[in-house]
Every structure is written in C-alpha cells, then in structure tokens.
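Encoded as structure tokens, the structure appears first; notes follow it.
The values are calculated or read from the model by the stated rules, or taken from the named source; none is laboratory data. This one's a predicted model, so the numbers in the text were calculated from it and none came from an experiment. Methodologically, a virtual Cβ is constructed for each residue, glycine included, from the backbone with ideal geometry; neighbour enumeration extends over all protein chains shown. SASA here: full protein model, heavy atoms, side chains in, ligands and nucleic acids out. Shrake-Rupley method; radii C 1.70, N 1.55, O 1.52, S 1.80 Å.
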Amino acid sequence: SMDELLIEVYALRRQVSTLTEALRSQTALTTAANSHCTIMGRVNSDLRTRLENSHKKSNRGASTKVKGRFLTHPDLMEAHKKDYEVHAAKIKAAEEKQRQKDDRLEEIEARIRHDGVSKTFDLPLSSYKRKDELRTIARALGLAEDGKMTVVSLMGSIRTHLTENELTLQKDPRFSGLFMNKRR
C-alpha cells in the first residue's frame, strides 16, 4: 500500500543520511591522516637535507685552529651567569606560551573537524559571528576553507553556496536552521 511505501522510503532516507554522515566522518579522518603523513614527509625531507649538509665540507677558505683562553673577573662571571639564567627562563617561558597556544589551536581545529561532520546548525546564519563557527559551517557544506580566510570572505562564500543550493539545503535538517529569519 501507499503508507507502507512511504514508511519504507523514510526508512531508506534515514539509512542514507546515516551512511552519508559515516562517510563524511571517515573522509575527515582520512584527510587528517593524509595531512599528518604529508607533514611527516616534509619533516623527513628537511632532516635528510640537514644531515647531508652537515656531512659536506665547508669550502669557505682555509681555517686555522687557534687555542686561546679568556680570563674573566669573578664578578663578571657571576653577572654573566645571572644574565644567562634570566635569558634561559625567558626562553623557557616563551616556549611554554607557544606550546599552550599550539595546543589551543589544535583543540579548535579538532572541534571544527568534528562539528563539520556532525553538528546540526539550528540558528540563522547571521547568528554565527566567530571565525571558528563560520569555518565549521564551511567545512560542513564542503567548501574550501583554511585558517587564513577572513570572517567576511567566509561569510560571503557560505552565503553564495547557500543561495546556489537553497532548495537542497533547506530540506536537509542539518542546514535548515541557517535559512531561518532571525526576527520572528
């Protein structure tokens, strides 16, 4: 009967939707793995180049070894030691700050990758103001995005894509909220 066919069609739609999300998730994981392999390949190439350069002889002229000693007053040695410790502490603090920044950026990227595959956007597009939110929407729509795009350019490319694919995306429950009017 017609009702049974409709039930079967809805069941098939849910199954297709589930499989589509699983495919997107696997695609995101594969992309992340490929990126990691590319990065490691570049690091490996860089290290090989450094190793080769370290084995090459320097031909900048004849070098002569000179043995010498510096005599330093004990007060100057203490001042140098203190300066060195202060400098080392500053470097360590800067490295820690950079590590924390890198960790924060990696957390943001992981959230964008995850939300780009699984998040349902239930607010109008105009409600999303932050760059990472717009990057998530762009990733979910399959648009090219990177951390270097501005908020204005992200918003423009998202609006263009939503306009061009309005009929399809309004029916998709993940994106239908983006078309809602902010003032109701």
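Consider ALA22 carefully, then state whether it is within 30 Å of ALA138 (Cα to Cα), in contact (Cβ under 8 Å) with a residue 60 or more places away in the chain and either in contact with a strand residue (DSSP E or B) (Cβ under 9 Å, 6 or more places away or on another chain) or in a helix (DSSP H, G or I) (or both).
Values: within 30 Å of ALA138 (Cα to Cα): yes; in contact (Cβ under 8 Å) with a residue 60 or more places away in the chain: no; either in contact with a strand residue (DSSP E or B) (Cβ under 9 Å, 6 or more places away or on another chain) or in a helix (DSSP H, G or I) (or both): yes.
Criteria not met by ALA22.
Could you list, in sequence order, all residues of the stretch 154-184 that are open to solvent by less than 50 Å² (accessible area, probe 1.4 Å) and not in a loop (DSSP other than H, G, I, E, B)?
LEU154, MET155, GLY156, SER157, ILE158, HIS161, LEU162, LEU169, SER176, GLY177, LEU178
Only residues that are open to solvent by 100 Å² or more (accessible area, probe 1.4 Å) and either within 30 Å of SER118 (Cα to Cα) or among the aromatic types (Phe, Trp, Tyr) (or both): list them for the stretch 24-56, please.
GLN26, LEU29, HIS36
Working only within the stretch 134-153, note down all residues that are open to solvent by 50 Å² or more (accessible area, probe 1.4 Å), modelled with pLDDT of 85 or more and under 29 Å from THR18 (Cβ atoms).
Correct list: ARG139, GLY142.
For residues in the stretch 119-133 being open to solvent by less than 50 Å² (accessible area, probe 1.4 Å) and part of a loop (DSSP other than H, G, I, E, B), which is farthest from MET155 (Cα to Cα)?
Only one residue fits best here, namely PHE121.
For the structure I just gave you, tell me whether GLU52 is in a helix (DSSP H, G or I), of a type outside the set (Phe, Trp, Tyr) and under 30 Å from ARG135 (Cα atoms).
No: the conditions fail for GLU52.
Please list, ordered by first then second residue, the pairs with beta carbon atoms under 6 Å, 6 or more apart or interchain, first in the stretch 99-118 and touching a residue at least 24 places away in the same chain (Cβ under 8 Å), second aliphatic (A, V, I, L, M).
ARG113/ALA28; GLY116/ALA140; VAL117/ALA28
Quick check, is GLY116 at pLDDT below 85 and part of a helix (DSSP H, G or I)?
Taking the combined requirement at face value, the residue satisfies it.
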